[in-house]
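Participant: Quick one: structure below, then a few questions.
The values are calculated or read from the model by the stated rules, or taken from the named source; none is laboratory data. Quick caveat, the model's predicted, so the values are computed rather than measured. Please note: Cβ atoms are built from the backbone with ideal geometry, for glycine as well, and neighbour counts cover all protein chains shown. The protein model used for the area step is the full one, side chains on, heavy atoms only, and it has no ligands, DNA or RNA in it. Shrake-Rupley method; radii C 1.70, N 1.55, O 1.52, S 1.80 Å.
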Amino acid sequence: QVQLVESGGGLVQPGGSLKLSCTASGSIDGANAMGWYRQTPGKQRELVAAITNSGNTNHARSVKGRFTVSRDNAKNTVYLQMNDLKPEDTGVYYCNLLATNLEVWGQGTLVAVSS
């Protein structure tokens, strides 16, 4: 069973940047897609960005132009570069792997944007 471990979260001021990493314990070559979701209290988990195994990306409208998802199959890692962070970006960010007959979630990493 593949496990996902996120890192890179933390406290940052508005306008700042963070880069999240999600490393899988096994190969991600077979993953149809990997993505980043975030959850805030009282709200449903929402998709932030996703990348397919062919490299196609999809970003939520609220983060388009500020966040960029990428993957490095050689390192079994997916990244989320977050620039120009806003207080409304605060939440727990979860990595997700989607493959045929398999879906895996990471444990989450907290991103807090506050002055």
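Participant: Looking at (1) touching a residue at least 60 places away in the same chain (Cβ under 8 Å); (2) in a loop (DSSP other than H, G, I, E, B), which one does G55 not meet, given that it meets all the others?
Facilitator: (1)
Participant: Kindly indicate the residue of region 1-15 that is over 15 Å from the mean Cα position of the chain (by Cα) and surrounded by 14 or more Cβ atoms within 10 Å (Cβ to Cβ) and also farthest from T57 (Cα to Cα) among those meeting that condition.
Facilitator: In this case the residue turns out to be V12.
Participant: For the list (1) open to solvent by 60 Å² or more (accessible area, probe 1.4 Å); (2) touching a residue at least 60 places away in the same chain (Cβ under 8 Å); (3) of a type in the set (A, V, I, L, M, F, W, C), I need the number of the one condition that V104 fails.
Facilitator: V104 satisfies all of (1) open to solvent by 60 Å² or more (accessible area, probe 1.4 Å); (2) touching a residue at least 60 places away in the same chain (Cβ under 8 Å); (3) of a type in the set (A, V, I, L, M, F, W, C) except (1).
Participant: Let me ask another. Kindly evaluate N76 against the criterion of being modelled with pLDDT under 95 and under 15 Å from the mean Cα position of the chain (by Cα).
Facilitator: yes
Participant: Follow-up. Being at pLDDT 95 or above, on the phi > 0 side of the Ramachandran plot and either among the charged types (D, E, K, R) or surrounded by 14 or more Cβ atoms within 10 Å (Cβ to Cβ) (or both) narrows it down to one residue among D84, D89; which is it?
Facilitator: None of the other options fit; the residue is D84.
Participant: Count, please, the residues in region 32-65 that happen to be under 20 Å from G15 (Cα atoms), among the small types (G, A, S) and open to solvent by 40 Å² or more (accessible area, probe 1.4 Å).
Facilitator: Total meeting the criteria: 2.
Participant: Next question. I'm trying to understand the selection: among the residues of region 104-115, which are in a strand (DSSP E or B) and either in contact with a Leu (Cβ under 7 Å, 6 or more places away or on another chain) or under 26 Å from S27 (Cβ atoms) (or both)?
Facilitator: V104, W105, T109, V111, A112, V113
Participant: Only one residue in K19, K43, K64 is at pLDDT 90 or above and either acidic (D, E) or closer than 18 Å to V5 by Cβ (or both), so which one is that?
Facilitator: Being at pLDDT 90 or above and either acidic (D, E) or closer than 18 Å to V5 by Cβ (or both) holds for just one of K19, K43, K64, which is K19.
Participant: Which one is nearest to N58 (Cα to Cα) among residues in region 22-31 that are at pLDDT below 90 and buried (at least 18 other Cβ atoms within 10 Å of the Cβ)?
Facilitator: Selected residue: A31.
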